[in-house]
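Reviewing the structure listed below.
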Amino acid sequence: MTGPARPMRGLVPLELAALVGIALVPMPIPRAIPLLGVASVSRWLRGHSWGEVMHGRRDQAGIAALAGVVALVLALAVGTPVIELVSGRDVEWSQFPIVRGSAAQLFSVGLIVVLGVVAMELVLRGWVVERVLELRRGSAALAVAVGALAEAAIVDGDVVARAGGLVFGIALGWLYIAARRSAVAPICARLTFSLIAIVLEALRLIG
């Protein structure tokens, strides 16, 4: 901790404005990147450091990584067919078509994905969820819901993608709470989900 923790409720309108503004403006980079800057300033002003949420045991990280694999399997085997049946159109999994058949591009995209995942989880769980818990002590369900809504707002894509972000955000939010408010757990889960997905895309197994 960098100093005495303080809620600073007067900062909330500015935080909300930054979150909504960045969510609405089209960007060539993941929105989590500029939001990480906002989140870092917010935590610093309130006397917090990122080290507070970057803790956890190895077994928790391993279980979280396994959870990410299971989530991907369920998304491919169950979620995709259901969404296609309900929406009447194919689900587009491809996010990085450049990786198809290219090991070099796969490595480069993989690095970008890792950075994006870390930024996303620090923003959503280490900032948004923690901020709600700080302002409304004991409101874990509310904090998880707000974090999931924030994820749905900042992900790129159509309604289906945002709905997926909402569901994923709820699951990762509870994982964060279960891991004693450690961002390491949701980071590991999202990393395995995302990295295996781009490998499958590189092998042309999903698209």
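Across segment 156-166, what is the number of residues that are in contact (Cβ under 8 Å) with a residue 24 or more places away in the chain and touching a Gly at 6+ places or on another chain (Cβ under 9 Å)?
So the answer is 1.
Consider segment 150-162. How many of its residues are acidic (Asp, Glu) and surrounded by fewer than 24 Cβ atoms within 10 Å (Cβ to Cβ)?
2
Looking at Gly147, Gly165, Gly126, Gly173, which is the one that is touching an Asp or Glu at 6+ places or on another chain (Cβ under 7 Å), part of a helix (DSSP H, G or I) and crowded, with 19+ Cβ neighbours inside 10 Å?
After ruling out the rest, the residue left standing is Gly165.
Let me confirm something: among Ser94, Ser194, Ser182, which residue is small (Gly, Ala, Ser), at pLDDT below 85 and either more than 27 Å from Met8 (Cβ to Cβ) or buried (at least 19 other Cβ atoms within 10 Å of the Cβ) (or both)?
Ser94
Select, from Val82, Val70, Val132, the only residue that is in a helix (DSSP H, G or I) and in contact with a helix residue (DSSP H, G or I) (Cβ under 7 Å, 6 or more places away or on another chain).
From the options Val82, Val70, Val132, the qualifying one is Val132.
Does segment 63-78 contain at least one residue that is within 17 Å of Leu175 (Cα to Cα), in contact with a Gly (Cβ under 7 Å, 6 or more places away or on another chain) and touching a residue at least 12 places away in the same chain (Cβ under 8 Å)?
no
Could you check Met1 against (1) surrounded by 13 or more Cβ atoms within 10 Å (Cβ to Cβ); (2) over 18 Å from the mean Cα position of the chain (by Cα); (3) at pLDDT below 90 and say which number it fails?
(1) is the only condition that Met1 fails.
Just wondering, is there one or more residues in segment 63-77 that are out of contact with any Phe, Trp or Tyr (no Cβ under 6 Å at 6 or more places or on another chain) and over 23 Å from Ala148 (Cβ atoms)?
no
The values are calculated or read from the model by the stated rules, or taken from the named source; none is laboratory data. The model shown is predicted, which means the values in this text are computed figures rather than measured ones. Every residue, glycine as well, gets a Cβ built from its backbone with ideal geometry; the counts of neighbours run over all protein chains shown.
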